[in-house]
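Student: Below: one structure in structure tokens.
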Amino acid sequence: RRARFVANYTGKLPTGPTAKVSAVILDGGSLKPWSPVFVRAELSGDDVIFKWQRRDRGPLVPAWDDPPLADSPLTFDVELLDGAGVVYRTFAGVEAEMVTYSAADMVTDGMSQASMFNVRVFQISPRVGRGKARIYRCRAT
């Protein structure tokens, strides 16, 4: 969303050669959630479980602690990408900090547990939508 505001420093309509008008465009970029971190893939039977840790814009906390939650409800979108960056599997509206990629889905996508996965995780804000993301390369262990 974009909002456009035109402000006059004097509180009056701008007139004359000394009128000062300032335009500020607010697009919500500073409110977007940061990309989750510590993305990893773990084996679970025939399935692969992708896990990550969320981040927040709230007070700084040590990396091993869960930050306080500024946006609620907490959801994520997870995308699996091929080597060319094309999304071949999407998990939308994930409510936990993990998602299971089933063996059946892997067969459908032509993947296996031994594959190298390109994973992109977005944290979703109910106010501004998808946050920033980073692509992680990981292999299930």
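No value in this document is a laboratory result; all are computed from the given coordinates. Small disclaimer: the values here were computed from a predicted structure and weren't measured. Cβ: placed from backbone, ideal geometry, glycine included. Neighbour counts: every protein chain shown.
Student: Which FRET efficiency value, to the nearest 0.05, do you get for residue 103 and residue 132 by plugging their Cβ-Cβ distance into 1/(1 + (r/R0)^6) with R0 = 30 Å?
Tutor: 0.45
Student: Given charges of +1 on the Cβ of Lys and Arg and -1 on the Cβ of Asp and Glu, with all other atoms neutral, how large is the dipole of region 87-141 about its Cα centre, in debye to the nearest 20?
Tutor: 360 debye
Student: Would you grab the residues whose amide H sits under 5 Å from the one on residue 125? Only those 5+ places off in sequence or on another chain, please, with H modelled 1.01 Å from N.
Tutor: The list, which skips near neighbours in sequence, is 130, 131.
Student: Also, I was wondering about something else. Provide the gained length on full extension for the span residue 84 to residue 141, in nm with one decimal, where the gain is 0.36 nm per separating residue minus the Cα-Cα distance.
Tutor: Length gained between residue 84 and residue 141: 18.1 nm.
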